[in-house]
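Worksheet: the structure to be examined is printed underneath.
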Amino acid sequence: MTEAQGGYPFGFTCQRSGACCSGARGYVWLADGEARALADAMEMGEQAFARMFLRTVADPRNGELRLSLVEDADGRCALLAGRNECRVYGARPAHCRSFPYWESIMTDSAALARARASCPGIALVPAPAILERAGDALAQLYLDLDRQVAEHAPSCEMRGLCCRFEEVGHELFATGLEADYALNLHPTPGPPEAPGRCPYHVAGRCTARGGRPLGCRTYFCDGATEAALATVHEDFLARIRALAEELSYPQAYGRFPAMLEARLDQRRGRPATGQGEAS
C-alpha cells in the first residue's frame with residue numbers, strides 16, 4: 001500500500017482498461033532495448049516498428065531528445081486496439097508498468113484524483129470512520145432506491161442473463177463507494193466464472209444481493225420499464241456521488257468487477273510495481 005502526498009493510502013492492480021493509455025496527450029518514454037522488445041511483440045522488424053509507432057521528441061523537462069510512443073490527436077496510444085486493449089502488454093515499457101507511481105501523480109493529490117477518476121485499478125482506502133458512515137448512508141439510500149424500483153413493477157425471470165456480461169454485451173459500472181460497500185458485506189467472492197464477469201455471479205444466481213450496486217438494482221430484461229428505470233438510475237447515481245462528496249469519501253467510478261479485483265488485490269497485499277517517472 002502506498003500513500004500519495006495529501007491523499008489517502010492506495011493500492012493498484014492493473015485491470016487493463018486502457019484508461020492510462022488514452023484520453024490525454026502525453027509521452028511514453030522508451031528505455032534502451034525496449035523498442036526491440038516492442039517490435040518483437042508486434043512481430044515486426046525494429047525499423048518498420050519505429051517508422052509506425054515511435055517518434056523522437058524533446059523531453060519538456062530538460063530538452064533532451066528521447067523516443068516516445070506515437071499517439072493520436074486525442075492522446076490514445078497507437079498500440080491500443082479494439083476497446084483500449086494493449087497489443088504489447090507483456091512487453092510494455094517500464095514507463096507504462098510504473099503507472100500510477102509516477103512522480104507527477106505521487107506528489108500531486110489533484111493528479112492522483114484525476115488518475116483514479118478514470119482508472120478502476122487504483123483503490124483508495126478511506127478512513128474506517130468515513131467508511132462506516134458512508135456505508136450506513138448508502139444502505140438507507142438503497143432502501144429508497146428499491147422502493148422506487150418496486151413502484152415500476154419490472155419483470156425479472158431470474159435467469160441471471162444480465163450478469164453474464166460477455167453474452168449480452170452489457171457492462172456493469174459502479175462507484176468506489178459501492179464497491180467498498182459490497183466487499184464489506186460480502187468479503188470473500190470466489191473467482192469469476194468467466195473473464196470480466198462479476199465474481200458474485202455463481203451458477204446463474206447472485207450471491208451478494210444485499211450489497212449489489214445501483215446498476216444491478218435498476219437493470220431488468222423488461223423493455224416496458226427500461227426508460228423509467230434509466231431515469232431512476234441517473235437520479236440515484238447523482239445522489240450516491242453527492243453522498244460521497246458530502247462525506248469526503250474518495251470518488252471513483254469504473255467497471256464493477258475490475259474495482260472489486262483491485263480492492264481484493266489490495267487486501268491480499270500484492271506488491272506494487274516500482275516508482276516511475278512523470279508522464
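Observations on the structure shown:
- Mean projected area of the convex hull spanned by the Cα atoms of the chain, taken over all viewing directions: 16.2 nm².
- When peptides 57-66, 154-163, 179-188, 238-247 are ranked by their average number of other Cβ atoms within 10 Å per residue, the highest-first order is 179-188, 238-247, 154-163, 57-66.
- In degrees, nearest ten, helix 256-268 long axis to first principal axis of the chain (Cα): 70
- Computed over region 2-122, the percent of Cα pairs more than 22 Å apart is 36.
- Counted residue by residue at 0.36 nm each, then reduced by the alpha carbon distance between them, the extension gain from residue 221 to residue 22 reaches 68.4 nm.
- Listed residue (38, 107, 128) projecting farthest to the positive dipole end of the chain, Cβ model: 38
- Stokes-Einstein D (µm²/s) once Rh is taken as the Kirkwood radius of region 52-160 over alpha-carbon pairs, at 25 °C in 0.890 mPa s: 130
- Centre separation in Å (Cα based) which lies between region 216-256 and region 139-171: 11
- Taking a sphere under 15 Å around the Cβ of residue 88 and counting the other residues whose Cβ falls inside, with K and R at +1 and D and E at -1, yields a net charge of 0.
- Between the helical axis of 128-151 and the longest alpha-carbon principal axis of the chain there is an angle of about 60 degrees.
- Rounded, prolate or oblate (a/c below 1.5 giving rounded, otherwise prolate when a/b exceeds b/c) for region 127-249 by Cα gyration tensor: oblate
No value in this document is a laboratory result; all are computed from the given coordinates. What you see is a predicted model; the values in this text were computed from it and never measured. No Cβ is skipped: glycine too gets one built from the backbone with ideal geometry, and neighbour counts run over all protein chains shown.
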